[in-house]
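Chemist: The structure's right below; bear with me while I get my questions together.
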Amino acid sequence: MKAHDGMYIAGAWRPAATGDTIPVVNPADEQVIAHVPAGGAQDVDAAVRAARTAFPAWAATPPAERAATIGAVRDGLAARKDEIAGTVTAELGAPPAFSQAVHAAVPILVAGSYAELAATYSFEERVGNSTVYAEPVGVVGAITPWNYPLHQIVAKVAPALAAGCTVVLKPAENTPLTAQLFAEIVHDAGLPAGMFNLVTGLGPVAGQALAEHEDVDLVSFTGSTAVGKQIGAVAGAAVKRVALELGGKSANVILPSADLAKAVNVGVANVMANSGQTCSAWTRMLVDAARYDEAVELAGAAAAKYGDRIGPVVSERQRARVRGYIERGIEEGARLVAGGPDAPRDRGYYVRPTVFADVTPDMTVAQEEIFGPVVSLLRYEDEDEDEAEAIANGTVYGLAGAVWAGDEAEAAAFARRLHTGQVDINGGSFNPLAPFGGYKQSGVGRELGAHGLAEYLQTKSLQF
Ligand code: NAD
């Protein structure tokens with residue numbers, strides 16, 4: 001069997017036990033580009049058993065050796081960067097330049113950071129008369145979405161391996177080819193059989209079987225809040241560890257002293273990147289009344305410039321969902337400034353870059369995650385930072401956000417009032433070592449850096 005046709009279990013490639021497959025579609029032209037195994041409970045069980053068998057030896061491997069192994073994976077990612085970018089473009093539809101700069105490049109950074117952390121992290125500390133050991137949790141079930149297909153895999157697998165855990169990955173059904181490529185890279189890096197296993201398949205079948213498997217010690221899930229709630233309930237009932245990275249509806253708060261043009265242009269670009277399919281996207285732009293009309297004009301012009309440069313959304317279902325939200329925004333009285341629900345092309349799952357003005361906090365487009373290229377502009381009364389704060393914090397989500405002001409200290413002071421896991425100050429750039437994760441219904445736990453590593457550890461105290 002050619003590697004790309006199979007699942008990777010116990011160090012070997014194989015079809016699903018049932019022989020069933022799932023088609024993979026290129027969202028830019030709607031063509032079927034591949035078929036992957038539709039794994040089920042039997043395949044998940046084989047993968048979990050392989051991970052369990054591999055666990056004791058990997059847990060006992062010195063951190064420096066674990067670091068070298070993760071370093072080899074990092075080098076494999078770097079060597080196959082172009083192939084990764086091409087695969088993400090083919091199955092997700094991201095424009096080639098974005099696939100290179102983000103989808104292929106960020107996982108290399110993150111894998112590199114865990115190669116370093118595995119070597120330097122303190123797995124043992126003295127607290128009073130105790131020695132506290134940080135030990136691996138065990139077998140990890142990782143369930144990932146399609147929007148940043150490789151990043152989300154690496155952000156779980158690299159820290160899990162660094163901690164000494166072994167992994168079974170169930171990637172999203174829309175983007176399994178990137179996951180297969182990752183499994184090839186892991187295999188070529190020389191990881192012992194069973195340390196990393198890949199089961200492709202449908203969420204309610206393979207994903208659910210993995211989340212429910214009694215020999216999985218920790219479930220790390222990234223995806224929708226609806227599925228996250230189910231997985232949290234299953235894990236709770238079994239008293240097993242769970243990490244949830246869920247949806248968002250992040251606010252981009254532009255304070256009266258900010259450079260308006262910069263804040264609006266960067267804000268629109270932040271939403272349009274990856275065709276709006278970013279959980280941390282700043283989909284609500286908050287502007288003070290005095291400069292609101294100017295902001296609306298700037299945002300409309302910025303979105304209109306995107307034209308053909310934006311990729312499709314991932315699937316027909318996702319396109320229908322995004323268009324439905326745009327129609328709902330119009331029905332509820334939001335003013336369409338750019339874009340709209342109509343199809344910009346005959347072929348491919350494209351959505352127009354869309355800007356809504358006169359959005360009020362109670363509207364659906366101000367409350368629900370759309371996961372498409374749609375930005376909503378909301379107004380707060382001049383100088384009334386309390387109102388801006390109330391609007392920004394007024395959703396069930398709390399993943400990320402942005403604050404812009406004339407000086408960083410003013411923006412940072414406001415950012416401290418936001419109930420979210422991350423806030424970018426005046427356009428601060430992505431930090432692969434900063435903990436990423438949600439307050440409120442955006443999730444439980446953190447990914448990236450040392451905080452992300454700690455998710456895969458449990459502590460044992462010895463008193464002397
Ligand atoms: P989804 O929840 O439908 O699917 C995510 C993963 O879960 C997929 O692998 C899917 O197959 C699997 N799954 C689906 N049903 C399952 C079930 N019953 N049991 C077990 N697994 C199941 O979400 P999606 O549509 O793939 O991704 C989009 C959503 O993910 C958005 O809401 C977005 O905000 C969120 N997301 C969050 C983050 C974050 O870090 N917070 C990152 C990316 C995406």
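Chemist: Quick one: in the stretch 225-251, of everything that is of a type in the set (S, T, N, Q) and at pLDDT 95 or above, which residue is nearest to the ligand (Cβ to nearest atom)?
Modeler: At the first step, the residues of the stretch 225-251 found to be of a type in the set (S, T, N, Q) are 225, 230, 250.
Now drop any that are not at pLDDT 95 or above, which leaves 230, 250.
Details: 230: 5, 250: 10 Å.
Checking each candidate, the answer is 230.
Chemist: Looking for whichever is touching a Lys or Arg at 6+ places or on another chain (Cβ under 6 Å) and either under 21 Å from residue 289 (Cβ atoms) or among the polar types (S, T, N, Q) (or both) here; the options are 381, 385, 410, 389. Which one fits? Full working, then the answer.
Modeler: Numbers: 381 fails: touching a Lys or Arg at 6+ places or on another chain (Cβ under 6 Å); 385 fails: touching a Lys or Arg at 6+ places or on another chain (Cβ under 6 Å); 410 fails: touching a Lys or Arg at 6+ places or on another chain (Cβ under 6 Å).
Step by step, each of 381, 385, 410, 389 is checked, and only 389 is touching a Lys or Arg at 6+ places or on another chain (Cβ under 6 Å) and either under 21 Å from residue 289 (Cβ atoms) or among the polar types (S, T, N, Q) (or both).
Chemist: Next question, about the same structure. Would the stretch 269-289 turn up any residue that is over 25 Å from residue 445 (Cα atoms) and in contact with a Lys or Arg (Cβ under 6 Å, 6 or more places away or on another chain)?
Modeler: Within the stretch 269-289, one or more residues are over 25 Å from residue 445 (Cα atoms) and in contact with a Lys or Arg (Cβ under 6 Å, 6 or more places away or on another chain).
Chemist: For the stretch 282-291, state whether one or more residues are within 16 Å of the ligand (Cβ to nearest atom), modelled with pLDDT of 95 or more, touching a helix residue (DSSP H, G or I) at 6+ places or on another chain (Cβ under 9 Å) and among the charged types (D, E, K, R). Even if it seems obvious, please write down each step before you answer.
Modeler: Pass one, the stretch 282-291, residues within 16 Å of the ligand (Cβ to nearest atom): 282-284.
From what's left, modelled with pLDDT of 95 or more: 282-284.
Imposing the further condition that a residue be touching a helix residue (DSSP H, G or I) at 6+ places or on another chain (Cβ under 9 Å) reduces the set to 282-284.
Restricting the remaining residues to those that are among the charged types (D, E, K, R) gives 284.
Within the stretch 282-291 (the criterion being within 16 Å of the ligand (Cβ to nearest atom), modelled with pLDDT of 95 or more, touching a helix residue (DSSP H, G or I) at 6+ places or on another chain (Cβ under 9 Å) and among the charged types (D, E, K, R)), the answer is yes, since at least one residue qualifies.
Chemist: On the basis of being crowded, with 16+ Cβ neighbours inside 10 Å, more than 21 Å from residue 95 (Cα to Cα) and over 23 Å from the mean Cα position of the chain (by Cα), does residue 335 make the cut?
Modeler: Values: crowded, with 16+ Cβ neighbours inside 10 Å: no; more than 21 Å from residue 95 (Cα to Cα): yes; over 23 Å from the mean Cα position of the chain (by Cα): yes.
So residue 335 does not fit the description; no.
Chemist: May I ask you to verify whether residue 200 is within 7 Å of the ligand (Cβ to nearest atom) and either buried (at least 24 other Cβ atoms within 10 Å of the Cβ) or among the hydroxyl-bearing types (Ser, Thr, Tyr) (or both)?
Modeler: Numbers: within 7 Å of the ligand (Cβ to nearest atom): no; either buried (at least 24 other Cβ atoms within 10 Å of the Cβ) or among the hydroxyl-bearing types (Ser, Thr, Tyr) (or both): yes.
When the stated conditions are applied, residue 200 does not pass them.
Chemist: Which of (1) in a helix (DSSP H, G or I); (2) touching a strand residue (DSSP E or B) at 6+ places or on another chain (Cβ under 9 Å); (3) open to solvent by less than 30 Å² (accessible area, probe 1.4 Å) is the odd one out, the single condition residue 55 does not satisfy?
Modeler: (3)
Chemist: Grab the helices (runs of 4 or more DSSP H) fully contained in the stretch 62-175, keeping just those with 1 or more residues being of a type in the set (Asp, Glu), at pLDDT 95 or above and within 15 Å of the chain's Cα centre (by Cα). Please lay out each step first, then the result.
Modeler: Working: elements: 63-79, 81-92, 105-120, 149-163.
Where helices (runs of 4 or more DSSP H) fall fully within the stretch 62-175, none carries at least 1 residues being of a type in the set (Asp, Glu), at pLDDT 95 or above and within 15 Å of the chain's Cα centre (by Cα).
Chemist: Mind listing whichever residues of the stretch 174-199 are among the aromatic types (Phe, Trp, Tyr) and closer than 12 Å to residue 84 by Cα?
Modeler: 182
Chemist: Of all residues in the stretch 252-280 being assigned to a loop (DSSP other than H, G, I, E, B) and within 11 Å of the ligand (Cβ to nearest atom), which is surrounded by the fewest Cβ atoms within 10 Å (Cβ to Cβ)? I'd like the intermediate steps shown before the answer.
Modeler: In the first step, residues of the stretch 252-280 are kept if they are assigned to a loop (DSSP other than H, G, I, E, B); the result is 255-259, 277-280.
Remaining after also requiring within 11 Å of the ligand (Cβ to nearest atom): 277-280.
Values: 277: 23, 278: 20, 279: 26, 280: 22.
It comes out as 278.
Chemist: Surrounded by fewer than 22 Cβ atoms within 10 Å (Cβ to Cβ) and touching a Leu at 6+ places or on another chain (Cβ under 8 Å) - does that describe any residue in the stretch 300-317?
Modeler: no
Chemist: Quick one: count up the residues across the stretch 292-319 that are more than 14 Å from the ligand (Cβ to nearest atom), assigned to a helix (DSSP H, G or I) and at pLDDT 95 or above. Steps first, answer last, please.
Modeler: Here is the first cut: in the stretch 292-319, the residues more than 14 Å from the ligand (Cβ to nearest atom) are 292-312.
From what's left, assigned to a helix (DSSP H, G or I): 292-304, 307-309.
Now narrow it down to the ones that are at pLDDT 95 or above: 292-303.
Total satisfying the criteria: 12.
Chemist: Can you confirm whether residue 462 is closer than 28 Å to residue 219 by Cα and in a strand (DSSP E or B)?
Modeler: yes
Chemist: Taking residue 187 as meeting all but one of (1) open to solvent by 10 Å² or more (accessible area, probe 1.4 Å); (2) within 12 Å of the ligand (Cβ to nearest atom); (3) over 10 Å from residue 141 (Cα atoms), write down the number of the exception.
Modeler: (2)
Chemist: Would you check which residues across the stretch 114-163 are open to solvent by less than 30 Å² (accessible area, probe 1.4 Å) and of a type in the set (Lys, Arg) and list them?
Modeler: Hit for the stretch 114-163 is 156, nothing else.
The values are calculated or read from the model by the stated rules, or taken from the named source; none is laboratory data. Here the structure is a predicted model, which is why all the values come from computation and not from measurement. Using ideal geometry, Cβ is built from the backbone for each residue, glycine included, and neighbour counts are taken over all protein chains shown. Note: areas computed on protein heavy atoms with side chains; ligands, DNA, RNA excluded. Shrake-Rupley method; radii C 1.70, N 1.55, O 1.52, S 1.80 Å.
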